Each structure stands twice: as structure tokens, then as C-alpha cells.
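The values are calculated or read from the model by the stated rules, or taken from the named source; none is laboratory data. Remember, predicted model here, so these are calculated numbers, not experimental data. Ideal geometry is used to build each Cβ from the backbone, glycine not excepted, and the neighbour counts take in all protein chains shown. Remember, those area values only see protein heavy atoms, side chains included, never the ligands or the DNA or RNA. Shrake-Rupley method; radii C 1.70, N 1.55, O 1.52, S 1.80 Å.
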Amino acid sequence: MKNEVVGFWKNFIKYQFLLRELVKKGIVLKYRRSYLGLFWTLLEPLCTMIVLTIVFGGFFGQGDRLYPVYILSGRLLYTFFNTATKGCMRSMRKNAGMMKKVYVPKYMYPLSSVLFQYVIFLISLSVLVLIGGILGVRPSIYLMQILIPLFLLLVLAFGTGMILATLAVFFRDLEYLWGIALMLIMYTSAIFYQPEKVINTGNGWVFKINPLYACIDMFRSAIFGEPLDLSMLKLAVISCVLTVGVGIYLFYKKEDQFILYL
Amino acid sequence: MEEHIALEVKDVGMKFRLSTEKVDSLKDYVIGRLKKQIQFQEFWALKDISFQLEKGDRLGILGLNGAGKSTLLKVIAGVLKPTEGTVHTRGKIAPLLELGAGFDKQYTGTENIYLYGAVLGYSKKFVQERFDEIVDFSGLRSFIDIPVKNYSSGMRSRLGFAIATQVDPDILILDEVLAVGDKDFHEKSEQKILEMMDRGATVLFVSHSMEQVERICNKAILLENGRIVASGSVSEVQRVYQTRK
């Protein structure tokens, strides 16, 4: 066991240049042929925020002055989780050609696609800083806590991604199923409505089982200067440990068979 | 494994499952399970393969198409994990299989040198140091900043070859790659491979050209339906090979 861990670590060090190259490749190729380049990363959430603010803030008469910040924070986190898990899931098939021809530690593919999306996500957070500044969000000491949901979100996406990546090798149609599941996750993550509305109807339990909501909630607490909700922290940590544990275990058990099915 | 042994292949078997109906979606799987219809045909691409190579040995692997030659090389290179048995290698392996398999077509030549270098497990520093040598050897200096998708297949394999041969390998795995590029490059690449061999690399060489095997190898094995049917000196194996054809 100890030898395996040491061997794993040595191999990881050996291939960390590859990891960096794969992350870089994702970023470079995503924006290579677009005129606005990386600027899209900022423009897209900004536009979505404006639309959602008009629809839910204007038409449905929701929210206050900081409503755009509320929406944007939820939306950014959800978008990361969405693209990262989907990217992981597809990474196996996308790199099947390479996998069949050269030896590379296979977890590099899902790991690099999560990290690539994470970099994009971190860049897109600058929109939030901008909008928060304009609308007068006062940073408090609680802002430091933002690192916790940011980290847990990454782990959660990686764990979920590893599970999906493994399963998607064997079941192609998982992509559609996961798309539907993501929709469900989006609507139960209180991105553009206040959770109280759902809690008041007696359906508050959906927030107690949705780890993505837990991350979003902690993230917002940090921005709006409130202490973290410890029950949310507990939910997020347990989910992270669980998904990463299951994800790595599944992947490790099945990785030698991937080539035979891709 | 003893010090002078470079490669040890022991009782290696590689089983593929060919499903009679391809099941690759959840829907098919569930329906198949319900009807109990998923049947797999088992197929041993390799079976009971055992041999040892000492340092500096040069093994020719002969066999008709589908005999398991490429599968064997992939198992040794670590791309495939054998269903049974073990493979032990000593030292650095340079698999010159499917050159340029790690290329991204949208990427330029320069970017691909770094990417493919990383795929082969090189460090960034190493690639930086060898960058000019790679470019010069490939002879693609004036095309190095255009996307690889605009390269001809010959240019692609030249670049792949130049990158893959930067290491000084202990074990060199060759799958008919002596025939890379045009005549000039062909000579250059063969020269390079011979240099590597002269430095004492252990070689595994798959080829259909008896003449090349004779020229390069000192040992040979003959594969048929995934099994070794003859092994020993090149001339012995060659004799068996002629009768089997």
C-alpha cells in the first residue's frame, strides 16, 4: 500500500507538466478563434445576470438592490459545477484516441478538465467583484471565509466528475441523464430565488441534501458579511469526502478496462 | 529481476471481450439485462507469452496481421494492462508507436512539441533544452508556427519522431516506424535509431520486412493467434515463418 502511494506520487510529479499543458490547452483552444477571447468569460455571466435580473427582479418583482450580486454568485458557481462535471464526463471519450496509443495516467484527463474549468471560473469571479463594487457590497472580515466554499466546490466537482467519467465510459447515454440531473440541481440551488420561498412551502429539505446549494449558500454568506451556516459546511464536507472517495475508488477499479470500451 | 535483464514478460495474456451486440448505453444495458441477452465472446489476443531480454538484445517480432504483435507492444509500453501475467522493465522506455498520437490538430507545431513532450513524460526544462534540436531534426522550421492540422501526414510523423527520439532510452519499442517521411528523412531517422541501438538500448521491433529484421535483430519470436510459436535466433524463426506463410 505504502509503495503504491509513493509510486503514485512519483508518477504524479513526473506528469505534472502534462497536467499543466492539458489545462493550458483547454484555455488556449477555447478562446483561440474568438475575437473577444478571454473577455467572453466575463461577458457571458454579465449578460446572464442582466437577463435574470430583468426577468426575476423586474417582472416578478423580486429582490433588492443587491439582487444582481445574489444572482451572479449563484449563477457563477452553478456554471462551474455544470461545465466541470460535463467536461470530466466527456474527457474520457474525447481523449480516447490518445489513451489507446500512449501511456498517460488516466486520471489526468478528468483532473485537467476540472482544473481548466476552475481557472475559467476564477477569472469570471472578477465580474462579481466589479458588480459588487458598483452596487456597494462592503467587504467584511467574513469575506475570508470565501476560500472554504471555493475549495469545497472544486473538490465536489472533481469527485462528481470522476464518478461520471468512469460511468460514461460504459454508458454513453449518461450524458443526457446528467444533463437532466443538472437541471434539477440548478432549480434546487436557489440561484435566482430566495430559499425562504421554498422553505415556507415546507420543502426546505431540498436544500439540506444539495451540496451545491451548500457551497452557494456559504459563498453568499461570505460576500454579504455573515458567518457560515455550519450545517451547510457539514453537508458540503461530507459530500466532498463521499464523492471524491467513491469517484477515485470507482475510477481506480475500472481504469484498466476503459480502453476496451472506448 | 536480475541486473542484466532489461525486460521480462511472464505468462502474459490479454483478453478482449467482444460483445455480440454492442452495449454502450444504459438503456441497452438495462434492456439486455432484463432479457438476459448480453453475451460476450471472449477473445485472447495474447496467451501464455513469456520471454526475457537481456540488455542490448534486439528482438524481432514476426507474425501475420492480427497475430497480436501490436497488442504485445502496447502491453509492454504500458498502454494496455494485461489480463494476466506480468511485465517488468528496467529503465526508460521509448515507445515509437503511433507517432504523434498526442498531437492536437488545432495546436501549432511549437505548442505540440511541448504537449507531446509532456505526454511522453518529459519535463518542461527538458523540452525547452531540446526544442531547437527537435525543430532542426524534423526539418519543419518554417512551418513550426502553423497549426498541425495543416501538416501533411509525413510532416506530422517527422515531428512526432523528432520529439519521441529525444530521450536516450534503455528500451526502444519500434512498430514499423523505420519508414517515416520521405527518402531523406527516412535515412535520417534510421540513422538515429541505429545510433540509439549502438548505445546499447534493448530493442523490440515489429516488422513485416524480413530483410530489416535480419539486419537489426539478434533474436526473434513468431506470434500466431496470440501465442508464441517459435523463438530463438533470427534464422531459426525465419525458417518457421516461411513455412507458416
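Side notes on the structure shown:
- For A:Gly132, neighbours were defined as the other residues whose beta-carbon sits under 12 Å from its Cβ, and their charges (Lys and Arg +1, Asp and Glu -1) total +3.
- Both chains summed, the buried accessible area for A and B stands near 2700 Å², from protein heavy atoms and a 1.4 Å probe.
- Given charges at beta-carbon only (K, R positive; D, E negative), |dipole| of the range A:22-261 in Debye: 940
- In plain terms, the chain from A:Ile238 to A:Ile123 could stretch by 38.6 nm, reckoned as 0.36 nm per residue minus the Cα-Cα distance.
- Distance from the range A:69-147 to the range A:188-232 (C-alpha centre basis), Å: 20
- Among the protein heavy atoms of the protein assembly as shown, carbon and sulfur supply 59% of the accessible surface, probe 1.4 Å, non-protein parts ignored.
- Calculated diffusion of the range B:77-223, Stokes-Einstein form, Kirkwood radius summed over Cα pairs, 4 °C and 1.567 mPa s, µm²/s: 80
- Using R0 = 30 Å, the C-beta based FRET efficiency linking A:Val55 and A:Leu262 works out to 0.10.
- Cα point-scatterer Debye curve for chain A, base-10 log of I(q)/I(0) at q = 0.08, 0.09, 0.13 Å⁻¹: -0.35, -0.44, -0.90
- By a 1.4 Å probe calculation restricted to protein chains, B:Lys192 has an accessible surface near 30 Å², given to the nearest 10.
- Ordering B:Pro169, B:Gly121, B:Ala101 by Cα displacement along the dipole of the range B:97-186 toward the positive end leaves B:Ala101 in first place; charges were set at the Cβ atoms of Lys, Arg (+1) and Asp, Glu (-1).
- C-alpha long axis of helix A:39-52 to longest principal axis of chain A, angle in °: 40
- When nucleic acids and ligands are ignored and a 1.4 Å probe is applied, B:His4 ends up with an accessible area of around 80 Å².
- The DSSP beta bridges internal to chain B are antiparallel in roughly 55% of cases.
- Under the Debye formula (equal points on every Cα, no solvent term), log10 I(q)/I(0) of the range A:1-103 at q = 0.12, 0.14, 0.18, 0.20 Å⁻¹: -0.66, -0.80, -1.03, -1.13
- Shape of the range A:196-238, Cα gyration tensor, a/c cut at 1.5: oblate
- Dipole axis of the range A:22-261 (+1 Lys, Arg; -1 Asp, Glu on Cβ), positive-most option in A:Leu230, A:Tyr252, A:Met99: A:Met99
- Global form of the range B:23-115, assessed from the alpha-carbon gyration tensor, a/c cut-off 1.5: oblate
- Accessible area of A:Ile163 in the full protein assembly, 1.4 Å probe (Å², nearest 10): 40
- The angle separating the long axis of helix A:230-254 from the principal Cα axis of greatest extent in chain A is about 20 degrees.
- Residues in the range B:89-111 occluded by at least 30 Å² - accessible area, probe radius 1.4 Å, against chain by itself: B:Glu98, B:Ala101, B:Asp104, B:Gln106, B:Tyr107, B:Glu111
- Computed on the Cα atoms alone, the convex hull of the protein assembly as shown gives a volume of 186 cubic angstrom per residue.
- Over the residues of the protein assembly as shown, the helix contribution to mean residue ellipticity at 222 nm works out to -18000 deg cm²/dmol, using -39500 (n - 2.57) for each DSSP H run of at least 4.
- With respect to chain A, whose longest principal axis is taken over its alpha-carbon atoms, helix A:147-170 is tilted by about 50°.
- Free of any chymotrypsin sites (Phe, Trp or Tyr not before Pro) that DSSP assigns to a loop and that have at most 15 other C-beta atoms within 10 Å, the longest stretch within chain A is A:61-262.
- Buried on complex formation within the range B:119-146 (loss of at least 30 square angstrom of accessible surface versus the isolated chain, 1.4 Å probe, ligands and nucleic acids ignored): B:Val119, B:Gly121, B:Lys124.
- Per-residue mean of C-beta atoms belonging to partner chains within 10 Å, peptide A:16-25: 6
- Accessible surface for the range A:22-261, divided over its residues, is 48 Å² per residue with a 1.4 Å probe.
- Spatially, the range B:98-114 and the range B:191-245 are offset by 31 Å when compared through their Cα centroids.
- Kirkwood hydrodynamic radius (C-alpha pairs) into Stokes-Einstein, chain B, 37 °C and 0.692 mPa s, D in µm²/s: 167
- Residues in the range A:230-262 occluded by at least 50 Å² - accessible area, probe radius 1.4 Å, against chain by itself: A:Asp256, A:Leu260, A:Tyr261
- Beta bridges assigned by DSSP with both partners in the protein assembly as shown are antiparallel in approximately 55 percent of cases.
- Globularity index of the range B:143-230, i.e. its alpha-carbon radius of gyration over 2.2 N^0.38 Å: 1.25
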